[in-house]
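Step one of this worksheet: look at the structure below.
The values are calculated or read from the model by the stated rules, or taken from the named source; none is laboratory data. Just so we're clear, the structure is a prediction, and the values are computed from it rather than from any experiment. Glycine gets a Cβ as well: all are built from the backbone with ideal geometry, and neighbour counts include every protein chain shown. Just so you know, the surface numbers come from the protein's heavy atoms only, side chains and all, with ligands and any DNA or RNA stripped out. Shrake-Rupley method; radii C 1.70, N 1.55, O 1.52, S 1.80 Å.
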Amino acid sequence: MATKPGVEMISNAVGTQACVACHPNRASSFFETAHANSLREVSAESESELNSFLHPASSQRMRVTKQAEQVVHEAWQELPQTSFELPIAKESIDLVMGSGTFAKSYLFRDVDSLMQAPLTHYTKRDQYDMSPGYDSANHLGFSRQVTDDCLFCHAGSLSRLKGNRNHSVLNELAIGCERCHGGGAQHVAVAKEQAEQKESLTNDAHSDVDWSIVHPAQLPRDQLESICAQCHLQGDVQMFANQKDSWSFEPGNDLAKTRLVYNVGPANQVADSTTFVGHFGQMHASKCYLESDELTCVTCHDPHHAIDEANRVQVHRDHCLNCHDNLDCGEEMTVRQDANQNSCHVCHMPRAGTEVPHVSITNHLIAIPTADRHQESSEARSSKVARTELPNAIALLDRSPEGSWQRELNESTAISQWLWMGADGSYDTQEVFQKAIQRLRSAIQIAEKNESASERVHVSLIEARTRLGSLIDRLLRLPGTRFSDEERAELANESQELMQTVLDLESDPTPEVQVALESLAGWAAEEERHREAYNLYKRLVKLRRNPADHYNLGLACGKLRRFGEAEQALLEALRIQPTYSLPYASLARLYQSIDPATASNYMQLAQRLQLVQQGDSVSQDSEPSK
C-alpha cells in the first residue's frame, strides 16, 4: 500500500467503505443523509449555469458555464470611466462543499492550495448569489484559501502537509463513519479475526467481545454531545488548548479538553439569537434540556437516516410526545391544526434567518412563543455609539471554574480575539482596547506562574500571546488614538516581544506563527529594517496564499533594490487577486523610467480599482442572476 503524504488527522482511519461489508443497511441509509454529501467532486450534470450576475457593491460580473465535463466560474471587474472589463478569473471547479440542503459552495485547486469561488448556489431560492462574507466592495474574490480548519466540518478525513493547515490532502471527501465512531483500524481487525473464527459479527451474540469502536449511544451526555458539537458548536470565538486544533478531537472524549468556545458581545446580548451553527447555545438554554438528564441531539436527530420529508411533522411531534402529553399544549387542537398542522417544533422552535444569506434554520431554543422572541434590543444590536466598557464573554464550552485563573485567561483571550476581528465597530475605541490589553496582559502573567501545575484546560499561552500582540497592533493603527512617541514605542516593543516569543516556542507553521510573522514583518518594514522584513515575508509566502504577503514582499524587495524580484512578487499578488489596487500602483512606479506606457496603464488601473473599492460603483442597479 502506498504511503499517504503528510500526517493523517484521524488516527487509525480506514475510511467509510471499510464499514460497508459488515454494515450494509446502515451504510446505505447513511449515504442518503446530508452528512454523507458534505463534500464531493463536482458533477456538471448536477450544477446550474449562470449567464450573467452583477454584484453591485464590487461592480463585478460573474458567470457559471459548463464546458464539456467541467463547471467553470468566471469573473470580470467593471471599471469607471472606461468600457474595459478587467478579467479576474476563469477557474474550473473541483469540489462542491455543502450537501445542498441549504446551499452549495465551490472549491478549486491552485498548486497545493484549495480555494473558494465567490458564488454560492442557494437551494431555497434556486439561484446563485455571493458566498457568505463576500457581499462587500472589497471581498476576497477567488483568493480565499480554504484551510483544513474550514474543511473540518465538511471533509471526512485528510492529511496535513508539513504541519501547515493551509496545505492538506483529502483522504475521504464527505463526513463518514469515523468522524462519530473514531478510527476503525482496530475494529476492522477484530471483525476480521471473528470472521476467521466463523463467529457471528453481531454485538448481541458476542457481548463479551471488545469491538474497539466508539458507540455514541453508550457515552455519557457530555461525550455524546461532543461528537455533534465538534461541528455544530462554533460561537463567536473558538480557542484551543496547548498543541491542539480542530482535528485533535477524537470521538468518545470530551470536546472541552481540546477546545474552548465563547460568544462575545454587549452585556444584554440576546441569548437565543439564531446563527447557522448556534444550536448548542440555544438548546442548552432550553427548559426541556435543563430539566432532563437524557435530552441530546440524537433524541431528535438520527445521524444514520435522512428524515422522511413527507412525515416530518409527525416524526418531530413523536419526539416531543416521548416526554410531553398531547394535552400539555395550552392551545386547542383546532387552533394548533389551523396554525401549523399541530406541529410542535414549528411553534416552539420556529425557523429564523441567520448570518448566512438566504438561509433560515430551526431555532433550537425550545420555548413558549412570544411576540418579541426574536426582537433584539437596540443595545444587543451593533450600536453606533462608541463604547467604553469591555464586552461580555459568555462561555459556551469551558469547564474551568468561574473565578479561576484559567477562566480569566480564557475569557480575556476570547474578548481580545473578538475585538481584533472587528466584529462590532462600536467597540473600536482606545479606551476599550486598552482595558482588554491590560486584562489579557495580567491574565497571561498569572498563567505563566501557574501553568506548570495546572490540570484544568485553558487556552494555549501561545495563542493568548498572539491575540495580545495582535490587539496591540490594531490599537496602534486604530483611527483617533492618541499616544506619545514613548507610549507608542513601548507598545510596539511589547507586541514584537510577544510575537518573537511565539516564533521561539512554536515549531510548526500554525496560524499563530503566521500571524506573528506578519506582525514582525510589518514592524520591520515600518521601522525601515528592510532586510529583516524581506526575510520574514519570504518565510510567510511559503506558508500561505495571501496577495498582501506578496505585495509587501515586493515592497521590501524594492527597498533593497532587488527590482526583478520585486516585479515577480507584485505580479504574483495580482495573479492571486487581480482586483488588488496597490500592486498596480507599485508596478507603475517600478516601470516609470523604463516603460512609461505600461506604467501609465498600471496607474490607471490602480486609480479606477480604488474608486470601485471606495464605493464609486459603475452600476447602481442590481442585476438578478439568470
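Roughly how tilted is helix 530-541, in degrees to the nearest 10 and between 0 and 90, from the longest Cα axis of the chain?
Computed tilt is about 30 degrees.
Please list, ordered by chain and number, the residues whose modelled amide H lies under 5 Å from the amide H of Q127; skip anything fewer than 5 residues away on the same chain.
Y122
Can you work out the accessible area per residue across the stretch 528-599, with the rest of the protein chains kept in place, probe 1.4 Å, in square angstrom?
For the stretch 528-599, the per-residue accessible area is 49 Å².
Choose one of V432, F483, L571: the residue whose Cα lies farthest towards the positive end of the charge dipole of the stretch 430-579 (beta-carbon charges +1 Lys, Arg; -1 Asp, Glu; about the Cα centre).
L571
Output wanted: per-residue J couplings in Hz (rounded whole) for the stretch 180-188, from phi through Karplus 6.51 cos²θ - 1.76 cosθ + 1.60, θ = phi - 60°, x for Gly and Pro.
3J(HN,Hα) across the stretch 180-188, in whole Hz: 10, 9, x, x, x, 4, 5, 4, 4.
Among S226, S212, I10, flag the residue with its Cα farthest along the positive direction of the charge dipole of the chain, charges on Cβ as +1 for Lys/Arg and -1 for Asp/Glu.
With unit charges placed on the Cβ atoms, the residue in question is I10.
So, with a 1.4 angstrom probe, what is the percent of accessible area on the stretch 19-157 that is carbon and sulfur?
The C+S portion of the solvent-accessible surface of the stretch 19-157 is 46 percent.
Counting only residues 5 or more places away or on other chains, whose amide H sits under 5 Å from the amide H of L39 once H atoms are built in the peptide plane?
Counting only residues 5 or more places away or on other chains, the set is G98, A174, I175.
Which whole-number percent gives the relative contact order of the stretch 122-187, counting Cα pairs below 8 Å spaced six or more residues apart?
The normalised contact order for the stretch 122-187 reaches 22 percent.
What number comes out for accessible area per residue over the stretch 1-158 if the probe is 1.4 Å? Units Å², please.
47 Å²
What is the extension gain from K257 to N322, computed as 0.36 nm multiplied by their sequence separation minus the C-alpha to C-alpha distance, in nm to one decimal?
The span from K257 to N322 would gain 20.1 nm if fully extended.
Sequence gap at least 6, Cα distance under 8 Å: using those rules, report the relative contact order of the chain to the nearest whole percent.
14 percent
Taking the Cα centre of the chain as origin, sum charge times position over the Cβ atoms of Lys and Arg (+1) and Asp and Glu (-1), and report the length of that vector in debye to the nearest 20. Spell out each step's value before the answer.
Values: 58 positive and 86 negative charges, 327 e Å.
With Lys and Arg at +1 and Asp and Glu at -1, about 1580 debye.
Kindly provide the helix-only [θ] at 222 nm of the chain, computed as the sum of -39,500 (n - 2.57) over DSSP H runs of four or more divided by all residues, to the nearest 500 deg cm²/dmol?
Computed ellipticity for the chain at 222 nm equals -11500 deg cm²/dmol.
Could you go through the stretch 400-410 in sequence order and give the Karplus-derived ³J(HN,Hα) for each residue, using 6.51 cos²θ - 1.76 cosθ + 1.60 with θ = phi - 60°, rounded to whole Hz, and x for Gly and Pro?
Taking θ as phi minus 60°, the curve returns 6, x, 4, x, 7, 5, 5, 5, 5, 5, 5 Hz for the stretch 400-410.
Which cross-chain or sequence-distant (5 or more) residues have an amide H under 5 Å from the amide H of E47, H modelled 1.01 Å from N in plane?
For E47, no residues qualify.
Within the stretch 7-68, list the GluC sites (Glu not before Pro) lying in a DSSP loop whose Cβ has at most 15 other Cβ atoms in a 10 Å radius.
Sites meeting the loop and neighbour criteria: E32, E49.
Keeping the other protein chains in place, figure out the carbon and sulfur percent of the accessible area of the stretch 400-521, with a 1.4 Å probe.
43 percent
Give me the extension gain from S136 to E526: residue separation times 0.36 nm, minus the current Cα-Cα distance, reported in nm with one decimal.
Taking 0.36 nm per residue and subtracting the Cα distance, the gain is 137.5 nm.
Given Cα pairs under 8 Å that are at least 6 residues apart, what percent is the relative contact order of the stretch 395-540? Before the final figure, lay out the partial values.
Working: 148 pairs, mean separation 30.4, N = 146.
It comes to 21 percent, rounded to a whole number.
Sorting check: for 291-301, 146-156, which peptide has the highest mean count of neighbouring beta carbons within 10 Å, and how do the rest follow?
146-156, 291-301
Ignoring ligands, DNA and RNA, what percent of the accessible area of the stretch 541-580 is carbon or sulfur (1.4 Å)?
Values: 890 of 1770 Å².
Taking all protein chains in place, the stretch 541-580 shows 50 percent carbon and sulfur surface.
Once you order the gyration tensor axes a ≥ b ≥ c over the Cα atoms, which shape class does the stretch 552-603 get: rounded for a/c under 1.5, otherwise prolate or oblate by comparing a/b with b/c?
Judged from the Cα gyration tensor, the stretch 552-603 comes out oblate (a/c at least 1.5, b/c at or above a/b).
Based on the alpha-carbon gyration tensor of the stretch 375-494 and its eigenvalue square roots a ≥ b ≥ c, which shape applies: rounded if a/c is under 1.5, prolate if not and a/b is larger than b/c, or oblate? Numbers along the way, then the final one.
Details: a/c = 2.61, a/b = 1.19, b/c = 2.20.
The shape class here is oblate.
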